[in-house]
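Written below as structure tokens is the structure these notes are about.
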């Protein structure tokens, strides 16, 4: 479980909780996996033929490494954008998933970049590489890592209409965030 921490107070802003259900995210991920996975597998087969795929020990290693790298990419991206130290990051497990948490409010743009960076680096890149090199191993890794980013996509979708000047604080114990809106000050 994530550690409990107090919500930071930001002068001139009011916080609103925006979270997603891990159960909902995981159920959607299963459906998305079937459809997206089948489509990618079909495209791969059209390019590279119907070569038989075999289970590999390296697939398990890549999947575990992919999960770790996914969370590290969240953290490193946020740290680079915010120029903060590693002491602001925490990693761990939630029921239904793993997490990276940063305890610093940030502008919406930085939060979105950090939330979606693993989708591209750990999901889309291996998927695209698989189509060029003909590797089932990279195909499978890419599919799973794109699907594993679905929760991040859902969080970004939930805050898509928030104003650009809203501050975002990663939720410390649930999948989601707090959105800080500017309060009216005469």
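Scanning the range 126-135 for residues that are in contact (Cβ under 8 Å) with a residue 60 or more places away in the chain and either over 21 Å from residue 65 (Cα atoms) or surrounded by fewer than 18 Cβ atoms within 10 Å (Cβ to Cβ) (or both) yields 131, 134. Scanning the range 144-163 for residues that are in contact with a strand residue (DSSP E or B) (Cβ under 7 Å, 6 or more places away or on another chain) and surrounded by fewer than 21 Cβ atoms within 10 Å (Cβ to Cβ) gives 158, 159, 162. Select from the range 46-81 the residues that are more than 14 Å from the chain's Cα centre (by Cα), under 22 Å from residue 147 (Cβ atoms) and assigned to a helix (DSSP H, G or I) and list them in ascending order. The answer is 46, 47, 48, 57, 58, 59, 60, 61, 62, 63, 64, 65. Could you tell me whether any residue of the range 157-167 is free of Cβ contacts under 8 Å to residues at least 40 places away in the same chain and assigned to a helix (DSSP H, G or I)? Scanning the range 157-167, I find at least one residue that is free of Cβ contacts under 8 Å to residues at least 40 places away in the same chain and assigned to a helix (DSSP H, G or I), so the answer is yes.
Do we find that residue 42 is at pLDDT 90 or above, assigned to a helix (DSSP H, G or I) and over 22 Å from the mean Cα position of the chain (by Cα) in this structure? Yes; evaluated as a whole, the condition is true for this residue. Give the residues of the range 5-32 that are exposed (fewer than 12 other Cβ atoms within 10 Å of the Cβ), on the phi < 0 side of the Ramachandran plot and either within 15 Å of the chain's Cα centre (by Cα) or assigned to a loop (DSSP other than H, G, I, E, B) (or both), sorted by residue number. Once the filter is applied, which keeps residues that are exposed (fewer than 12 other Cβ atoms within 10 Å of the Cβ), on the phi < 0 side of the Ramachandran plot and either within 15 Å of the chain's Cα centre (by Cα) or assigned to a loop (DSSP other than H, G, I, E, B) (or both), the range 5-32 yields 5, 6, 9, 11. For the range 107-128, a residue qualifies if it is over 16 Å from the mean Cα position of the chain (by Cα) and farther than 18 Å from residue 42 by Cβ, and exactly one does: 107. Residues of the range 164-174 that are crowded, with 20+ Cβ neighbours inside 10 Å and under 16 Å from the mean Cα position of the chain (by Cα): 168, 169, 170. When 60, 68, 35 are checked against the criterion of being modelled with pLDDT of 90 or more, out of contact with any strand residue (DSSP E or B) (no Cβ under 9 Å at 6 or more places or on another chain) and exposed (fewer than 14 other Cβ atoms within 10 Å of the Cβ), 35 stands alone in meeting it.
Of all residues in the range 82-109, those being touching a strand residue (DSSP E or B) at 6+ places or on another chain (Cβ under 8 Å) and either at positive phi or not in a loop (DSSP other than H, G, I, E, B) (or both) number 15.
The values are calculated or read from the model by the stated rules, or taken from the named source; none is laboratory data. Not measured: the values here are computed from a predicted model. Ideal geometry is used to build each Cβ from the backbone, glycine not excepted, and the neighbour counts take in all protein chains shown.
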